[in-house]
Amino acid sequence: MPIAPLDKSVKIEHMSDDIIRVSEINDYLYCRRSWWLKRVQGHQPENEAELEAGTNHHRVHGYMVQRAQRARLLAYALAGIALMMAVLFLVSGF
């Protein structure tokens with residue numbers, strides 16, 4: 001799906017012409033009209049509270065994923081230590 005160039009006759013004052021953020025690309029791929037309304041026309045979404053709640057949800061989810069990854073690494077480390085202790089225990093003849 002080719003991306004249509006911006007209409008150069010429209011002056012964009014609220015955003016830089018030179019910078020397109022990843023979130024804007026996502027907005028464009030999700031709904032070209034929505035992206036155009038925000039980027040070119042300067043309209044803001046009416047559901048700010050829902051968008052903020054979604055952002056917070058993703059932030060909390062990311063934190064929980066990081067905690068789960070750290071817990072998994074700790075579990076692997078503890079399992080490795082337990083395995084080494086078991087091998088040492090068996091080798092030493094106790």
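The values are calculated or read from the model by the stated rules, or taken from the named source; none is laboratory data. Bear in mind the structure is a predicted one, so any value in this text is a computation, not a measurement. All Cβ positions, even for glycine, are placed from backbone atoms using ideal geometry, and neighbour counts span all protein chains on display.
Assessment of the range 71-94 against the conditions (touching a Leu at 6+ places or on another chain (Cβ under 7 Å) and either surrounded by 10 or more Cβ atoms within 10 Å (Cβ to Cβ) or over 30 Å from Ile19 (Cα atoms) (or both)) yields no matching residue. What tally of residues in the range 34-53 results from selecting those that are part of a helix (DSSP H, G or I) and loosely packed, with under 10 Cβ neighbours inside 10 Å? Total meeting the criteria: 2. Of the numbered criteria (1) modelled with pLDDT of 80 or more; (2) surrounded by 11 or more Cβ atoms within 10 Å (Cβ to Cβ), the one Ser23 fails is (2).
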